[in-house]
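Undergrad: Sending over a structure as structure tokens; questions will come in a sec.
The values are calculated or read from the model by the stated rules, or taken from the named source; none is laboratory data. Everything numeric in this text was worked out from a predicted model, so none of it was measured. Positions of Cβ are generated from backbone atoms using ideal geometry, with glycine treated the same way; all protein chains shown enter the neighbour counts. In case anyone asks, the SASA skips ligands and DNA or RNA and just uses the protein heavy atoms, side chains included. Shrake-Rupley method; radii C 1.70, N 1.55, O 1.52, S 1.80 Å.
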Amino acid sequence: MAPAARQKPPRQRWLFSLFLFASLIFLSLYSISNPLRDKEKQFEDAEEVAISRITKGYAEEEFENIIVKDNKVYAVTKEGTSYQSYKEGRDSVSTLGWNDPENATIVEVENREAANMFIAILPDLLFFLLIIAGLVWLFRGIARSQNTALSFGKSRARVTDAKQVKTSFKDVAGCDEAKEDLVEVVDFLKSPKKYINLGAKIPKGVLLVGAPGTGKTLLARAVAGEAGVPFFSIAGSEFVEMFVGVGASRVRDLFLRAKRNAPCIIFIDEIDAVGRQRGGAGFGGGHDEREQTLNQILTEMDGFEQGTNVIVMAATNRPDVLDVALLRPGRFDRRIFIDKPDLVAREKILKVHSEKKKTGKNINLKNISKQTVGLTGADLENICNEAAIIAAKQKHKTISQNDYVDAVEKITLGSEKKSRKLTEKEKKITAYHELGHAIVGYMCPETDALHKISIVSRGAALGVTWFLPQEDQYTTSKTKFLDEICSLLGGRAAEELVFNEMTTGASNDIEKASHIARNMAMRYGMGDDSLGPIAYGERQGTMFLGVDPAYTRNYSEEMAKEIDTFVRRTIKEQYERALVFLEKHRGKLDELAEQLLKKETMSLEEFEERFAGKKSDNKKKK
């Protein structure tokens, strides 16, 4: 069977028709005027004579032919001589006596009135056609607006056929527990009778909860790819419009289309845009259109119709604002929490994103994963892409380990500010400040391992001391908190010890140290005996995952004073502790500062070789 001809879009068909019409008019005018112009060129050299001369020659049969064009007369003798003359407009061939049937002279009369009349009426004709074209365009616009109005309530979900969904669980790394929970959904879509025969009901809704970039959408596509069913994807914000009732209409149309293609999956991304708590002016906002849309979703997910084999998957990073009715059993039965990947998961994710890139043979992704604590899958993908960009800029044939390291530093710390020129005094203060962090952190037993020291400006920082945990930690002890505070205050202590001066470079360190100390007293019950194991301040709930909530004060002025006293005393004790460490190793501090000012960057191995007098074995000496 021959392939069907490709149909041109309406705009192209309209332009093609206009071009064709203009071409026909041009060809018509050309066909009329061109032969006349050709004949007139033949008599450019004709001798001009009186009309009586032409009449006399006709009577004597001197001419072979006479051509009459309007008021012009051309005559050609048998020898080929041409004459030209003019006649009165009212004179005709019969008036001039050139119609004798016995005369052998051929008299040709070319009537140009038709051509002249066509040219005369052409402007009116074009104006009339222009009016018709405008009316056609107007009616087509009205028809389009009517079609748009009729389709306004149609679902705008993007449909991916079962054969088009190529994503599988192999493409999703670092979410092993989440994938295990979704295996049952895939199995139900593949063989629902196995569950129905035993009276089991598969969950109608699966809510994926996690921080941005953890792979919620990718997991939903993987479920559709594994099950081999159609995949309807839409964002929560696409339901809500300024017109009342449009959102509910789109919900109905979406579920109607899904039921026709059952079994299938409906994926609603960022469902919190339409699924917030209803009523009042609180978190729900009191938006009537949003509430009607949510009511329609609730009805479609758990209405009177049963056994449709349509599974709704939704993703959000704001679970606390969702309506209670949306989360009850029968609607979103399952809530799958997707955490940020741990060390092993990060290595797997890096491997997945590095497979399609030209990497060197000696790439150690495990070391890279150790440097990316707290990053999501999207961050790791960005690091792999940034490493490829860095390698291409430096004209490397493959991506090296250093390219990955540079990419991690660029993503986590910011780009190098080469245009930021520090004075010699500022560079010296920055070097001692960063080495103060490094030495104090190295001496504290519970701080993370030292990784790198640099006085190259990155982002808003003039320098950086990079500490990295050797393994994922899920709990933090009081000793670790105190050591972190001591390490944060090491930079300020070094400035005071060496220069007997204080700068604004330690402002962020002081803010972080104060925050840790206050949380110890108010949230973790790690304060003095006067505070006790009590949480002070009521949390107001998270608006976003990973963002600290607001607190409502629920304690007295006396307890507030105790909290302030604990924070002040803790900061003071750890600051004095940092000064003791630095005074004890003042010689090493000066030696390391001199080296850092020359090289601007110092690795852990170089630090330990000069500070501890031995080569590093990647373990901190306390």
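Undergrad: Any of LYS428/LYS584; LYS351/LYS598; LYS417/LYS478; LYS190/LYS366; LYS366/LYS397; LYS393/LYS421 with alpha carbons more than 26 Å apart? Name them for me.
TA: From LYS428/LYS584; LYS351/LYS598; LYS417/LYS478; LYS190/LYS366; LYS366/LYS397; LYS393/LYS421, over 26 Å: LYS351/LYS598; LYS417/LYS478; LYS190/LYS366.
Undergrad: Rg to Rh for the range 425-575: what is it, with Cα atoms only and Rh by Kirkwood?
TA: Over the Cα atoms of the range 425-575, Rg/Rh equals 1.01.
Undergrad: Name the chymotrypsin sites (Phe, Trp or Tyr not before Pro) in the range 61-110 that are in a loop by DSSP and that have at most 16 other C-beta atoms within 10 Å, would you?
TA: Those that pass, being in a loop and sparsely packed, number zero.
Undergrad: Suppose the chain between TRP137 and TYR524 were pulled fully straight at 0.36 nm per residue; how much longer would it get relative to their current alpha carbon spacing?
TA: Taking TRP137 through TYR524 to full extension adds about 132.2 nm, to one decimal.
Undergrad: If the cut-off is 17 Å between C-alpha atoms, which aspartates and glutamates fall inside it for LYS179, apart from same-chain ones fewer than 8 positions away?
TA: Cα-Cα hits under 17 Å: ASP171, ASP187, GLU226, ASP333, ASP339, ASP342.
Undergrad: Let me ask another. Show me the ranking of peptides 223-233, 383-393 by mean Cβ neighbours inside 10 Å, starting with the highest.
TA: Output ranking for 223-233, 383-393: 223-233, 383-393.
Undergrad: Going highest first, how would you order 350-362, 321-333 by mean Cβ packing within 10 Å?
TA: 321-333, 350-362
Undergrad: Rolling a 1.4 angstrom probe over the protein heavy atoms, how many square angstrom per residue are accessible across the range 324-419?
TA: Value returned for the range 324-419: 57 Å² of accessible area per residue.
Undergrad: Could I ask something else about it? Do any GluC sites (Glu not before Pro) in the range 428-477 lie in a DSSP loop with no more than 15 other beta carbon atoms within 10 Å, and if so, which?
TA: GLU471
Undergrad: If a/c stays under 1.5 just call it rounded; otherwise compare a/b with b/c (prolate if a/b is bigger, oblate if not). Do that for the range 328-392, with a ≥ b ≥ c from the square roots of the Cα gyration tensor eigenvalues.
TA: Here the range 328-392 falls in the prolate category.
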